[in-house]
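The values are calculated or read from the model by the stated rules, or taken from the named source; none is laboratory data. Computed from a predicted model, the values in this text were never measured in an experiment. Heads up, the Cβs are rebuilt from the backbone with ideal geometry, glycines too, and the neighbour counts pull from every protein chain shown. Heavy atoms of the whole protein, side chains included, go into the accessibility calculation; ligands, DNA and RNA do not. Shrake-Rupley method; radii C 1.70, N 1.55, O 1.52, S 1.80 Å.
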Amino acid sequence: MTRYVLGRLGGVVLILLAVCLFTYLIFFKLSPDPAVMICGKTCTPDRIDSIRNVLGLNQPLLTQFWEFLSGIFVGRDYGSVHCSAPCLGYSFQTNESVWNMITARLPVSITVAVGAAVLWLLAGVIAGLVSAVKQGTWWDRSAMALALGGVSVPNYVLALVLQYVLVVKLQLLPFPAAVPFVDNPVVWFESYLMPWVVLAVGYACLYARLTRSNVIDTLSENYYRTARAKGLSGSLIMRRHALRPALTPITTIFGMDFAGLLGGALITETVFGLNGIGKMAADSIAKNDQPVIMAVTLLAAFFVVIGNVVVDLLYTALDPRVRVVSS
């Protein structure tokens, strides 16, 4: 098991290095000249050359990439300005440290992702399990019809409808704002409730359909019928012999979905005006702020890769067959 974990961690390092190199090439070599973007259209050629020297753009490609990579761990200098580790550069628009921008907005994205994940996981798995047990009943047909409808509704449409109904017309909830939990827990909950619901609806519908399909397949297995023939209680059979194997593919999808949301729920944060990683990415894309876009890309890749490793380790707890192979 230790060798398996070390091997997976080694693979993570290689993947992240490849992502860093690929992302660097896209944003700093294949995109418009950063020096021109910083200086503006009316800038003189001498000023552009000076900015290139400060950014190290006149150096060989591998040297530039090494400076960028080493800056993440030990920091780097931009002329007379020192960027402390982890250094991801400075915004072309605000001249603010990209790392400080990320750390200021990451708690908002984490709050949105965690709250939505709890909602969609509970609602999706429970609805799918009940539908599988009551296969062919009115509950099953109704739940799957609602799931199909929920998947079909875009996030931004649902967000606008909820805002109009709950905030404007009924005035049951305040307009979402990034209120810290310690300042006012009630307002914090009310502010994040709509973003949680909007994100959770689509995922919950997908998870309900996936859980139902997996549990139905499991109920037709020989070991399930054997457990029933032995006289085990229905709840024990469902929990240990039906739901547990069905959770394996759900764990895979959940790990990827949740990790992706940690990198920012772009549409939801933008519609609700929450100043998280997703909204920062949307604003940076609109302004072509390359350092910020690149940092968000690397952050999202980091969460996805780490989420993939965590999912692989969870497999050993859910499926003993994986435990034997990995050991």
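Kindly sort VAL165, VAL296 by accessible area of their heavy atoms, largest first, with the probe set to 1.4 Å.
Details: VAL165 55, VAL296 15 Å².
Largest accessible area first, the list is VAL165, VAL296.
Please find the FRET efficiency linking THR226 to GLN135, where r is the Cβ-Cβ separation and R0 is fixed at 25 Å, and quote it to the nearest 0.05. Please list the in-between numbers first.
Working: r = 20 Å, r/R0 = 0.82.
Step by step, r from the Cβ atoms, then E = 0.75.
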Please identify the helices of the chain, taking whole runs of DSSP H, that span at least 20 Å along their own axis as judged from the Cα atoms and have a mean Kyte-Doolittle score of 0.5 or higher.
-> 2-24, 98-133, 185-219, 244-262, 290-318
Tell me, in nm to one decimal, what length is gained between ALA177 and LEU57 on full extension, where the rule is 0.36 nm per residue of separation less the Cα-Cα distance?
-> 39.2 nm
Once both label points are put 7 Å beyond Cα along the C-beta direction, the ASP33-TYR4 separation in nm becomes 5.4 nm
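Using 0.36 nm times the number of residues separating LEU25 and ALA145, minus their current alpha carbon distance, what extension gain do you get? Working shown, then result.
On the way: separation 120, 0.36 × 120 = 43.20 nm, distance 4.58 nm.
So the chain would gain 38.6 nm between LEU25 and ALA145.
Counting alpha carbon pairs within less than 8 Å and at least 6 residues apart, what relative contact order, in whole percent, applies to the stretch 209-321?
On the way: 92 pairs, mean separation 30.0, N = 113.
Relative contact order, the stretch 209-321: 27 percent.
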Exposure ranking of MET256, MET280 by accessible area [1.4 Å probe, largest first] = MET256, MET280
Rounded to the nearest 0.05, what FRET efficiency do ILE15 and TYR164 have when you use their Cβ-Cβ distance and R0 = 35 Å?
-> 0.20
Which FRET efficiency, nearest 0.05, do ASP46 and ILE110 yield, Cβ-Cβ r, R0 45 Å?
-> 0.50
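Suppose a student asked you for the relative contact order of the stretch 101-323, using Cα pairs under 8 Å spaced at least 6 residues apart; what percent would you report? Write down the numbers at each step before the final one.
On the way: 274 pairs, mean separation 59.8, N = 223.
Contact order relative to length: 27 percent.
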Along each of its three principal axes, how wide is the spread of alpha-carbon positions in the chain, in whole angstrom units, largest first?
-> 83, 58, 35
